[in-house]
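K.L.:
Here it is, the structure, as structure tokens.
Laboratory data are not the source of any read-out in this text; all were calculated from the coordinates shown. Values in this document were obtained by computation on a predicted structure and should not be read as measured data. We place every Cβ from the backbone using ideal geometry, glycine too, and count neighbours over all the protein chains shown.
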Ligand SMILES: [Zn+2]
């Protein structure tokens with residue numbers, strides 16, 4: 001009897017398994033890529049990849065705080081399922097690092113009524129994207145319900161001490177850096193990412209991001225007593241990695257500023273300063289790795305993805321953004 005049962009069960013598993021495989025194959029484009037969960041401290045995890053940006057998961061006394069919420073409902077459900085594997089506590093708080101859809105549109109799958117914390121400019125950008133409508137607009141019933149307006153706000157949520165920093169606009173006007181002083185962990189949002197083909201920071205000029213503000217943010221993050229940085233996309237980084245990025249970008253921006261002073265045009269500067277490939281990025285002309293973000297200038301599809309999604313309109317390169325900022329400064 002038990003043999004027969006086992007056989008039947010085995011058969012069911014095989015049949016269901018092959019059904020599942022064929023369904024998965026048909027729906028392959030919709031299935032979110034897997035999330036990699038990494039324990040950083042007993043109470044802090046990184047949820048890397050999946051659909052959208054990286055998340056940081058902090059387990060409090062009675063509930064869970066999640067920094068960034070993935071891009072889609074399916075992607076966020078996947079994240080919540082991963083969280084359920086590490087703790088039975090419910091998600092009670094989301095902190096959103098900036099207004100791009102790939103970090104917050106998954107909030108639609110989060111429990112209703114949770115606390116959603118963001119910088120006030122993030123909320124304004126979401127409201128603007130919501131008013132503009134279209135693909136990629138944020139979920140209207142999951143707007144931030146607690147905004148921070150200061151350069152630094154120290155809060156304790158569910159026994160967890162967090163410092164929220166808005167050093168300056170960098171990736172967007174409403175960037176929020178989340179620092180866990182006891183665990184020495186920083187969630188950088190997209191101010192720092194490792195998935196780009198070139199070595200430049202990703203600045204949304206159309207969301208009032210700033211290359212100068214980016215430098216301020218890197219200095220601020222490096223000054224924190226931290227040893228692990230959860231980036232917006234890609235890998236975890238160390239303080240040394242951030243120092244290298246800061247040095248490279250400072251040098252690049254100084255060169256741009258010097259050429260502006262010499263009266264060079266933006267096209268001349270772009271020609272003189274081709275984008276350096278990011279460390280570990282595939283060589284130029286190679287097929288992009290699966291899941292990697294498209295390089296700047298090669299991304300009309302991303303630009304067309306909607307104002308609420310990845311920042312709308314034409315994305316400027318780092319040189320173009322820095323040029324705009326620096327020339328604006330000199331015309332004062
Ligand atoms: Zn972003």
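K.L.:
Quick one: if the Förster radius is 25 Å, what FRET efficiency do residue 151 and residue 227 give, using the C-beta to C-beta distance and rounding to 0.05?
P.N.:
0.65
K.L.:
Translational diffusion coefficient, Stokes-Einstein: compute it for the range 188-246 using the Kirkwood radius over C-alpha pairs as Rh, at 25 °C and 0.890 mPa s, and state it as an integer in µm² s⁻¹.
P.N.:
So the translational diffusion coefficient is about 210 µm²/s.
K.L.:
Just rank 72, 211, fewest to most, by other beta-carbon atoms within 10 angstrom.
P.N.:
Lowest count first: 72, 211.
K.L.:
Highest first, please rank the peptides 55-64, 186-195 by the mean number of other Cβ atoms sitting within 10 Å of their residues.
P.N.:
Most protected by this proxy first, the peptides run 186-195, 55-64.
K.L.:
Let a ≥ b ≥ c be the square roots of the eigenvalues of the Cα gyration tensor of the range 91-201; is it rounded (a/c under 1.5), or, if not, prolate (a/b larger than b/c) or oblate?
P.N.:
Taking the square roots of the gyration eigenvalues as a ≥ b ≥ c, the range 91-201 is oblate.
K.L.:
Place a point 7 Å from the Cα of residue 182 along the Cα-to-Cβ direction; which residues of the range 130-164 have their backbone N under 20 Å from it?
P.N.:
153-164
K.L.:
Classify the range 42-149: rounded, prolate or oblate, from the alpha-carbon gyration tensor (a ≥ b ≥ c, eigenvalue square roots; a/c under 1.5 rounded; otherwise prolate if a/b is larger than b/c)?
P.N.:
prolate
K.L.:
Right, another one. Rounded if a/c is under 1.5, else prolate if a/b is larger than b/c, else oblate: which is the range 151-278, with a ≥ b ≥ c the root eigenvalues of its Cα gyration tensor?
P.N.:
prolate
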